[in-house]
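Heads up, the thing below is written out as structure tokens.
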Amino acid sequence: MGRRAAIILCISVAVLVATGLIMLASTSAWVHGVDDDPYLLVKRQGVFTGMGLLAALVTGCIDYRILRRIWMPLLIAGCVLLVLCYVPGVQVVVKGESRWIWAPVIGRFQPSEGAKLVVIIALAAWFAQYQAESKSFLRGFLLPGLLLGIPVALIFFEKDMGTAVALGGAGFLVMFTGGTRVTLLSLATVVGILGLYKAVEGDPYRRMKFEALLNLDDPEVQRKAGYQQYRAKLALASGGLLGAGLGNGAEKHGYLPEAHTDFIFPVAGEELGLLCTLGIVFCFVLISTSGISIALHATDRFGKLLGLGLTAVITLPALMNIGVATSVLPNTGLPLPFVSYGGTNLVFTLAAVGLLVSLHRRAHYAECAEMPVIKEKQLALKI
């Protein structure tokens, strides 16, 4: 099952990346600022795909157990990059959100995407090292909670609530699987929900997004705070079963903002229909089940926790993005992994897939090494 899981994982990811490139070819011409070259975004995404595949090749070939020894430097580097998002002159502010920094050569870069991976690596390494103390308050809850909480707080106050919630959820899963007491996790969840409520209540923009979700039938809301989600519902509804045809969608013509990034899912539904959107959902279901299977077949505790955390980091943002597009969740500004336009997200998500492949490869090698011993024992029992 482990080998089949890795194959299914890679095929599902390839289908999603190809779908993203196809949909970008349909939507990029209508994005503001690309008038000179209507396929500029497709070409850029092709470059990002190449970089992501290279990252996946590197992470897939290395021994993932190396990461257990260097988790501390990785986490420190991730937090330093997140802090740079608050430094004037380095930060890049877009629509009031300081999620990006400007780096030489690579240009605009989103540190939170890399931070998601290093936090999961850090938590997996921590619980692998302190397995015997996972039920204690200090090393089973407080210290790993800080490993998760500090990066999540830095991301949240960049006004990137979606990524913060997704990372918090993935970290919660790793801590739960690692053995943290359920009572402590429940208490932390209640405190987190109350803190999130206070943050939303104290921020007029965030509060407006939540209120818009509850009043999308109001024409006034449809014209203002709920405009994107209202247009997304129209796109999905007009697509029907088979869609209007590739390139024939109307919402991308300036009606639906961010049709090439956060709201590419409803555009796919409008042009390629319900069958396409269900196919996208099914691919993420396959990624989830394959990732869990690979994690369960890992040979050590670090690998099992790392595999589960990486699977959650990939699938939770997808779940949230689709929830926003279908008006189940408030608008959080998360891209759809593998499909939406964006370099940092694509490169690091493909790197996470590479790590899952590395988990599979090590488990497969261990299984092959054990086979002669198992056969020898079986033969001895028969004799």
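Any read-out appearing in this document is the output of simple, stated calculations on the displayed coordinates, not a laboratory observation. Given the structure is predicted, the values throughout are model-derived calculations rather than measurements. All Cβ positions, glycine included, derive from the backbone under ideal geometry; neighbour counts span all protein chains shown.
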Fill in: the stretch 112-178: chymotrypsin sites (Phe, Trp or Tyr not before Pro) in DSSP coil with no more than 16 other Cβ atoms inside 10 Å
Phe157
Worksheet item: Based solely on its DSSP helices, what 222 nm [θ] is calculated for the chain when runs of n ≥ 4 H residues each add -39,500 (n - 2.57) and the sum is averaged over all residues, nearest 500 deg cm²/dmol?
Response: -23500 deg cm²/dmol
Worksheet item: Quick one: Karplus J couplings for the stretch 78-85, per residue in order, coefficients 6.51, -1.76, 1.60, θ = phi - 60°, nearest Hz, x for Gly and Pro?
Response: x, 5, 4, 5, 5, 5, 4, 5
Worksheet, complete the sentence: Computed over the chain, the Cα gyration tensor eigenvalues, each multiplied by 5 and square-rooted, give semi-axes in Å (largest first) of 36, 26, 20
Discussion item. How much of the pair distance distribution for the stretch 295-344 lies past 14 Å, counting alpha-carbon pairs only, in percent?
Written reply: 59 percent
Fill in: In the stretch 2-382, lysine pairs with alpha-carbon atoms under 19 angstrom apart (chain gap of 8 or more, or interchain)
15
Worksheet, complete the sentence: Square roots of five times the C-alpha gyration tensor eigenvalues of the stretch 70-112, ordered largest first and given in whole Å, equal 20, 11, 8
Fill in: Convex hull volume of the stretch 1-67 per residue (C-alpha atoms, cubic angstrom)
94 Å³
Discussion item. Suppose a student asked you for the relative contact order of the chain, using Cα pairs under 8 Å spaced at least 6 residues apart; what percent would you report?
Written reply: 27 percent
Worksheet item: Across 10 Å bins from 0, what is the distribution of all Cα-Cα pair distances for the stretch 71-156, in whole percents?
Response: 18, 42, 25, 12, 3
Worksheet, complete the sentence: Ranked from fewest to most other Cβ atoms within 10 Å of their own Cβ, Ser12, Ser112 fall in the order Ser12, Ser112
Fill in: Cut-off 14 Å between beta-carbons: net charge of the residues surrounding Pro266, Lys and Arg +1, Asp and Glu -1
-2
Worksheet item: Based on the inverse mean of 1/r over its pairs of different Cα atoms, what is the Kirkwood hydrodynamic radius of the stretch 151-262, in Å?
Response: 16.9 Å
Worksheet, complete the sentence: So for the stretch 109-212, using the alpha carbon gyration tensor with a ≥ b ≥ c as root eigenvalues (a/c under 1.5 gives rounded; past that, a/b versus b/c decides prolate or oblate), I'd call it oblate
Discussion item. How high is the relative contact order of the stretch 258-338? Use alpha-carbon pairs under 8 Å, at least six apart in sequence, and give a whole percent.
Written reply: 32 percent
Discussion item. Using the Cα centre of the stretch 2-382 as origin and beta-carbon charges of +1 (Lys, Arg) and -1 (Asp, Glu), tell me which of Ala232, Ser28, Val92 is placed farthest towards the positive end of the dipole.
Written reply: Val92
Discussion item. Give me the extension gain from Thr299 to Leu246: residue separation times 0.36 nm, minus the current Cα-Cα distance, reported in nm with one decimal.
Written reply: 14.6 nm
Worksheet item: Taking amide hydrogens as modeled 1.01 Å from N in the peptide plane, which residues meet the under 5 Å criterion relative to Arg99, leaving out close sequence neighbours?
Response: Val94
Practice prompt. Classify the stretch 32-94 as rounded, prolate or oblate from the Cα gyration tensor: take a ≥ b ≥ c as the square roots of its eigenvalues, call it rounded if a/c is under 1.5, otherwise prolate when a/b beats b/c and oblate if not.
Written response: oblate
Response to the item:
What the Cα atoms of the stretch 240-323 span along the principal axes, largest first and in whole Å, is 51, 23, 17
Discussion item. Just want the ordering: His364, His260, from fewest to most Cβ atoms lying within 10 Å of their own Cβ.
Written reply: His364, His260
Worksheet, complete the sentence: Checking Val165, Val182, Val83 against a Gaussian network model of the chain (alpha-carbon springs below 10 Å), the top fluctuating residue turns out to be Val182
Worksheet item: From the backbone phi of the stretch 251-258, what are the Karplus-calculated ³J(HN,Hα) couplings (6.51 cos²θ - 1.76 cosθ + 1.60, θ = phi - 60°) in whole Hz, Gly and Pro given as x?
Response: 5, 6, 7, x, 7, 9, x, 6
Item to complete: Calculate the all-directions average of the projected area of the stretch 1-135's alpha-carbon convex hull, and give it in nm².
Response: 12.0 nm²
